[in-house]
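Novice: I'd like to ask you about the structure that follows.
The values are calculated or read from the model by the stated rules, or taken from the named source; none is laboratory data. As the structure is a prediction and not an experimental result, all values here were calculated from the model. Cβ sites come from the backbone with ideal geometry, for glycine too, and all protein chains shown count toward neighbours.
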Amino acid sequence: MNVRKLLSSILGLCLLSGCVYKMEVQQGNLITEDQTEKLTLGMSEDEVRALLGTPLLEDPFSPGRWDYVYQLQEEGELVEQHRLTVFFEEGHLKRVEGSSVDFSPEVVEHS
C-alpha cells in the first residue's frame with residue numbers, strides 16, 4: 001500500500017512538473033519616448049530623477065553617469081531590452097545615449 005502511494009505521488013509530481021507557469025518578468029526602468037522628449041540639456045540631476053525615476057545603476061567610478069536599464073522576459077526568454085544612459089557635468093545634463101530608444105535631436109549630443 002505504501003509503495004502504491006509513493007508511486008502515485010511520483011507520477012503526480014511528474015505530471016505537474018510539465019504544468020509550470022513561467023510568468024512575465026519586467027526588470028528595471030521602462031523609459032517612454034514621451035519621457036525622453038521632455039529631457040533637455042542643462043536639466044539638474046533632481047529634475048532628471050523626477051522625470052525618469054531613480055536610475056538602476058549609478059557608477060561609483062563615474063558619478064556623473066546614470067544608467068536606466070529595462071528588460072522584459074517572457075517564459076524565461078529575453079524579448080525586450082532598452083538602455084538609456086544620461087551624463088551630467090557639474091550637476092547638469094550634458095548628454096544622453098541609448099541603443100533602443102528614439103530621442104529628439106535637441107537632446108542627444110552626437111560625438
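Novice: Give the residues of region 25-48 that are in a strand (DSSP E or B) and closer than 20 Å to K94 by Cβ, sorted by residue number. Spell out the reasoning first.
Specialist: So the first thing to find is which residues in region 25-48 are in a strand (DSSP E or B), and the list is 25-28, 44.
Scanning region 25-48 gives a single hit, S44.
Novice: Identify, please: which residue in region 30-48 is among the charged types (D, E, K, R) and touching a residue at least 60 places away in the same chain (Cβ under 8 Å) and is, among those, surrounded by the fewest Cβ atoms within 10 Å (Cβ to Cβ)?
Specialist: Quick first cut of region 30-48, residues among the charged types (D, E, K, R) only: 33-34, 37-38, 45-47.
Add one more test, that the residue is touching a residue at least 60 places away in the same chain (Cβ under 8 Å), and what stays is 33, 37.
Numbers: E33: 10, E37: 13.
Step by step, filter region 30-48, then rank; the result is E33.
Novice: Report, by residue number, each residue of region 65-89 that is free of Cβ contacts under 8 Å to residues at least 40 places away in the same chain and loosely packed, with under 12 Cβ neighbours inside 10 Å. Give the derivation first.
Specialist: Filtering region 65-89 down to residues free of Cβ contacts under 8 Å to residues at least 40 places away in the same chain leaves 65-67, 77-81, 83, 85, 87, 89.
Across region 65-89, the qualifying residues are E77, L78, V79, E89.
Novice: Of all residues in region 30-72, which are over 19 Å from the mean Cα position of the chain (by Cα) and among the basic types (K, R)?
Specialist: K38
Novice: With the requirement that a residue be modelled with pLDDT of 85 or more and of a type in the set (A, V, I, L, M, F, W, C), what does region 65-109 give you?
Specialist: Answer for region 65-109, where residues must be modelled with pLDDT of 85 or more and of a type in the set (A, V, I, L, M, F, W, C): W66, V69, L84, V86, F87, F88, L93, V96.
Novice: Hey, could you check region 49-64 for residues that are in a loop (DSSP other than H, G, I, E, B), surrounded by 12 or more Cβ atoms within 10 Å (Cβ to Cβ) and out of contact with any Lys or Arg (no Cβ under 6 Å at 6 or more places or on another chain) and say which is modelled with the lowest pLDDT? Write out each step before concluding.
Specialist: Taking region 49-64 as the starting set, the residues that turn out to be in a loop (DSSP other than H, G, I, E, B) are 53-56, 59-64.
Keeping just the survivors that are surrounded by 12 or more Cβ atoms within 10 Å (Cβ to Cβ) gives 53, 55-56, 59, 64.
With the extra rule that they be out of contact with any Lys or Arg (no Cβ under 6 Å at 6 or more places or on another chain), the set shrinks to 53, 55-56, 64.
On the way: G53: 90, P55: 89, L56: 80, G64: 93.
Filtering region 49-64 for residues that are in a loop (DSSP other than H, G, I, E, B), surrounded by 12 or more Cβ atoms within 10 Å (Cβ to Cβ) and out of contact with any Lys or Arg (no Cβ under 6 Å at 6 or more places or on another chain), the one modelled with the lowest pLDDT comes out as L56.
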